[in-house]
Amino acid sequence: MSQQANPRGTFLKIADSVKRQIEDDLDMTELPSLAEVMRDHKVSRGVALRAFGVLRQEGVAEPVPGERWRVVRAGARVDRRPLDQRIADIITAEGLAVGEAFPSASALAEQFGVSRPTVTKALEKLESAGVLVGGGQGRVRTVRAVPTREERS
């Protein structure tokens, strides 16, 4: 009788392995990518997704649209606003005025720990909203309008 690995419960073993990584590395803020989990554990995408689902259900991690899954730690404060809103805050935080140059997509990707395409999508939303202008193919993106927050009474 040949010995074969039992695929049932493999996703639970992977979830346990990732939880141990999180516990061992207190600086870990993002889960490994889906591709890394698939490669490291030699499993299909579906099995890796089920493992991530277990981590979500247990409150250990949460998905972030356009980014990697984020580690959730008890008592840790995390800005859960969309990336375009967090990027728009740079204008007021750095005191940028209309017409001033805005940081590059590469700089923003490094600052927020996301990919350049993810930052580009967020910047396009800000351009559509009339907050930024320019950008793309070597052109410097500039501030078109200083965003204001609507005050609710």
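Throughout, read-outs are computed from the coordinates displayed, never taken from laboratory work. Because the structure is predicted, anything quoted here is derived from the model rather than measured. When we count neighbours, we look across all protein chains shown, and the Cβ atoms used for this are built from the backbone with ideal geometry, even at glycine.
List of remarks:
- Matching label, Cα extents along the principal axes in Å computed from the structure shown, candidates (i) 43, 32, 30; (ii) 74, 41, 26; (iii) 41, 41, 28: (ii)
- Under 23 Å from LYS19, Cα to Cα: lysines that are on another chain or at least 8 residues apart: LYS42
- Two-site label geometry, ALA97 and ARG39: point separation in nm, points 7 Å out along Cα→Cβ: 4.9
- FRET efficiency, LEU12 to ASP79 (Cβ-Cβ, R0 35 Å, nearest 0.05): 0.65
- Built amide H within the under 5 Å cut-off of GLU30, gap 5+: VAL71
- For the stretch 50-59, Karplus couplings with θ = phi - 60° (6.51, -1.76, 1.60), whole Hz, Gly/Pro x: 5, 5, 5, x, 5, 4, 5, 4, 7, x
- On full extension, the segment bounded by ILE90 and THR120 gains 9.3 nm, given 0.36 nm per residue less the C-alpha separation.
- Within the stretch 18-84: Cβ-based charge dipole about Cα centre, in debye rounded to nearest 20 (Lys, Arg +1; Asp, Glu -1): 280
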